[in-house]
Amino acid sequence: MGRITRRGFTAAAAGSAALLLGAGDAVAKGGAEARGARQFRGMWLATVANLDWPSRPGLGVAQQRAELLALLDTAVRRRLNAVVLQVRPTADAFWPSPYEPWSQYLTGTQGRDPGWDPLGFAVREAHARELELHAWFNPYRVANHTDPAKLAASHPVRLHPDWAVPYGGKLYYNPGLPEVRRFVEDAMLDAVDRYDVDGVHFDDYFYPYPVAGQVFDDDAAYARHGADFPDRGAWRRDNIDRLVRETGQRIRRSGSRARLGISPFAVWRNRATDPLGSDTRAGVQTYDDLCADTRKWVLEGWIDYIVPQVYWHIGFAVADYAKLVPWWAATVRGTGVHLYIGEALYKAGDPAQPAPWQDPAELSRHLTFDRRYPEVRGNVFFTARDVVADRIGAMARVVADHYPHRVRPPR
């Protein structure tokens, strides 16, 4: 109830869907124009492995700031209105966290103070440009290696080695431990308490993607906490359900205006597995493989928005964009949860991708298709560096065809 009340208050305060105006823009009024007056237009800005920013670890403060400002300015030029900034990529922090060490992607050494507050700076500068800043957290990934000795001496996993599970060449917090879940929530929500972020954003990593021939060893946690469940999968899904539900509850209790959003792998379940699933034949299903019941989170209203990563072209036989978008539109219908579609801008012009991705108009066709479904209230593009580089002009085509002026995001 609190989530709906907050959303209703925000909508009332915002008035009648007024546009976020730039110089020379006109106010849209009534009819279809009013429907499009609020639209989420975002880009993911990834920091893990320095994918988007900083361009490499160890840059000086002035250069790190300059690079970030250039990305924010690009978002404005592309007529976007939201940046989803990864601030906790590997159980570390892009702000002075009392829970976890400074990120290695800033200085090259985990735990080393970079000499400034990147998240605080990003929030201020984004808002100065009339961009929303959604803080993107990876809840459980600890490291892209399996050696705890490589972590900062103060890292929680060094202090609590039983909290971690090595799997697939990476290290993860164990979602099956209640003390881990509480700690992860505390670590993430510290940023909500400190900063005026517009969103708390999780991506698609809950239990890790399956790795052939490997087992995620949570036997001890399952023996201790799983007795009330019919099988391990049900217990694991409940662990992730609790994280999502509790995070939303705690955001609401904090009084923050931040919205909780999640950008999962786009296939909940294939129809062959479950008649409620999508008409797809994907090799991964979030419900079964990642223990993430994404459909349930929408139906229960635990989240404010969902951004399924529909990273396939229209007509792709295994997972067709034109079949997944309608499935998600039907899923959110009547729930009050906003639907934005995650777009694979990074595939446009990649010679390793099939022919549709060599056409600069493919992404524009996605947004044209989305117009058929009023439940689709925006799109988010992966990633920021591709918004900048735009190697075949696919992003420019989207802007020319669909973003004639800047608008406010939905609330």
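For the reader, a short list of remarks on this structure follows.
- Helices in the chain, meaning DSSP H runs of at least 4 residues, each add -39500 (n - 2.57). Divided by all residues, the mean residue ellipticity at 222 nm is -10500 deg cm²/dmol.
- Calculated FRET efficiency, residue 371 to residue 284, Cβ-Cβ distance, R0 = 45 Å: about 0.95 to the nearest 0.05.
- Segment residue 318-residue 212, length gained on full extension (0.36 nm per residue, minus Cα span): 36.1 nm
- Other-chain or far-sequence residues with amide H under 5 Å of residue 380's (modelled H): 42, 341, 342, 343
- The chain, relative contact order [Cα under 8 Å, separation at least 6], %: 18
- ³J(HN,Hα) computed for each position of the stretch 146-152 - Karplus, 6.51 cos²θ - 1.76 cosθ + 1.60, integer Hz, glycine/proline x: 10, 9, x, 5, 7, 7, 4
- Label-to-label distance, residue 296 versus residue 124, with points set 7 angstrom from Cα along the beta-carbon direction: 4.3 nm.
- Expressed in units of 2.2 N^0.38 Å, where N is the residue count, the Cα radius of gyration of the stretch 334-411 is 1.14.
- In terms of the mean number of neighbouring beta-carbon atoms within 10 Å, the peptides 68-75, 354-361, 132-139 order highest first as 132-139, 68-75, 354-361.
- Across all directions, the average flat footprint of the convex hull enclosing the Cα atoms of the stretch 63-180 is 8.2 nm².
- Summing Lys and Arg as +1 and Asp and Glu as -1 over all other residues whose Cβ lies under 12 Å from the Cβ of residue 180 gives a net charge of -2.
- 1.4 Å probe accessible area per residue over the chain, in Å²: 39
- Accessible area of the chain belonging to carbon and sulfur atoms, whole % at 1.4 Å probe: 51
- Cα centroid separation, the stretch 292-368 to the stretch 88-152 (Å): 28
- Backbone geometry of the stretch 98-108 corresponds, through the Karplus equation with coefficients 6.51, -1.76 and 1.60 at θ = phi - 60°, to 3J(HN,Hα) couplings of x, 9, 9, x, 4, 5, 5, 6, 8, 10, x Hz, x marking Gly and Pro.
- Separation of the residue 224 and residue 333 label points, Cα + 7 Å toward Cβ, nm: 4.5
- Probe 1.4 Å, all protein chains present, accessible-area order of 150, 170, 323, largest first: 150, 323, 170
- Net charge over other residues, Cβ less than 11 angstrom from the Cβ of residue 127 (K, R count +1; D, E count -1): -3
- Shape category assigned to the stretch 205-302 from the gyration tensor of Cα positions, a/c cut at 1.5: oblate
- Note, ³J(HN,Hα) from phi for the stretch 296-303, Karplus 6.51, -1.76, 1.60, rounded to Hz, x at Gly and Pro: 4, 4, 5, 5, 7, x, 6, 10
- Beta bridge orientation in the chain: antiparallel %, DSSP, nearest 5: 15
- Between 85, 159, 363, the GNM of the chain built on Cα springs shorter than 10 angstrom shows 159 fluctuating the most.
- Pairs of alpha carbons in the chain separated by more than 28 Å make up 47% of all such pairs.
- The dipole here belongs to the chain: it is taken about the Cα centre, uses +1 on the Cβ of Lys and Arg and -1 on the Cβ of Asp and Glu, and is about 1140 debye.
The values are calculated or read from the model by the stated rules, or taken from the named source; none is laboratory data. The shown structure was predicted, so the numbers you read here are calculated from the model rather than taken from an experiment. In this analysis, Cβ positions are derived from the backbone assuming ideal geometry, glycine residues included, and neighbour counts consider all displayed protein chains. Side chains are part of the model used for accessible areas, which takes the heavy atoms of the whole protein and leaves out ligands, DNA and RNA. Shrake-Rupley method; radii C 1.70, N 1.55, O 1.52, S 1.80 Å.
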